[in-house]
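The values are calculated or read from the model by the stated rules, or taken from the named source; none is laboratory data. Predicted model only: the values in this text are computed from it and were never measured. Here the Cβ positions follow ideal geometry from the backbone for every residue, glycine too, while neighbour counts run over all protein chains shown. All accessible areas refer to the heavy atoms of the entire protein, side chains included, with ligands and DNA or RNA removed. Shrake-Rupley method; radii C 1.70, N 1.55, O 1.52, S 1.80 Å.
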Amino acid sequence: MKTWSIWILLNFIRRRNLKERVDSYQRKTGLTEAAQTGTGQLNGIPVAIGVMDFQFMGGSMGSVVGETITRLIEYATNQNLPLILVCAFGGARMQEGSLSLMQMAKISYALYDYQSNKKLFYVAILTSPTTGRVTASFGMLGDIIIAEPNAYIAFAGKRVIEQTLNETVLKGSQVSEYLFHKGLFDLIVQRNLLKGVLGELFQLHAFSPLNQIQSSKP
């Protein structure tokens, strides 16, 4: 009975036109997609940043989101910029099938070139909730991984795990404080303190403000 119910639900979802859903969220949120990227300065230090927005289809990761983040990483690689990715939810956009799943490998490969070949610095910031394909890929690949306090962080949700494995998930075991003590990430930082912490991390890794770079030139 459970399998039959899931089959009906999936077919109902598939019948809803993906383009119509995307158009609807674009009108509702004013965003073009679930990931927004750009460059800027943090305490004068040039950075590349990508932010996933839960408001747009739950921050689900489809081919557009994957391509957007990949291009940001490639730009940061070419320009030797530190990289910040702010993660939220990030389950696969099931309407795109295997194309959605392929984004995990594409982004991870771009990060491999950025981190291993160019030796650049990537900070992942995990907001609540961060789950699914983001947790299984770039959310956990940061040189430094920062979580917000009391954030819900997991690969699969409590209900999915319990129904699939027929085991009880401990209360609070998918919250950032518990996971921090298990060594899953490096820091728990409140949002209003993030700017200062990030600035210190970048300076520690020898990224300098633009005014210092310009004044040091002959």
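A few comments on the model shown:
- Global form of the range 26-126, assessed from the alpha-carbon gyration tensor, a/c cut-off 1.5: oblate
- Net charge of the neighbourhood of residue 34, taken over other residues with C-beta under 11 Å away and scored Lys/Arg +1, Asp/Glu -1, is -1.
- Neighbours of residue 145, meaning other residues whose beta-carbon lies under 15 angstrom from its beta-carbon, give a summed charge of -3 when Lys and Arg score +1 and Asp and Glu score -1.
- Over the range 93-218, equivalent-ellipsoid semi-axes from the Cα gyration tensor in Å: 33, 20, 11
- Mean-square fluctuations from a GNM of the chain, with a 10 angstrom spring cutoff on Cα atoms, peak among 29, 130, 37 at 29.
- Sum of side-chain charges, residue 175 neighbourhood, beta-carbon under 15 Å (Lys, Arg +1; Asp, Glu -1): +1
- Between residue 26 and residue 79, the FRET efficiency from the beta-carbon distance, with R0 = 22 Å, is close to 0.15.
- Lysine pairs meeting the criterion (Cα under 22 Å, 8 or more apart or interchain), as found in the chain: 7
- Mean projection area, nm², convex hull over Cα of the range 61-102: 3.1 nm²
- Phi to ³J(HN,Hα) by Karplus 6.51 cos²θ - 1.76 cosθ + 1.60 over the range 47-64, Hz, x for Gly, Pro: 9, 10, 9, x, 10, 8, 10, 5, 5, 9, 6, x, x, 5, 9, x, 5, 5
- A Gaussian network model of the chain, with springs between Cα atoms under 10 Å, assigns the largest mean-square fluctuation among 134, 197, 51 to 197.
- Net lengthening on full extension, residue 164/residue 150 (0.36 nm per residue, minus Cα-Cα): 2.5 nm
- Debye log10 I(q)/I(0) for the chain, one point scatterer per Cα, at q = 0.09, 0.12 Å⁻¹: -0.40, -0.69
- Counting only protein heavy atoms and a probe of 1.4 Å, the accessible surface of the chain is 56% carbon and sulfur.
- In this structure the amide hydrogen of residue 45, modeled in the peptide plane, comes within under 5 Å of the amide hydrogens of 210, none closer than 5 places in sequence on its chain.
- Within a Gaussian network of the chain (alpha carbon springs, distance under 10 Å), most fluctuating of 106, 119, 171: 171
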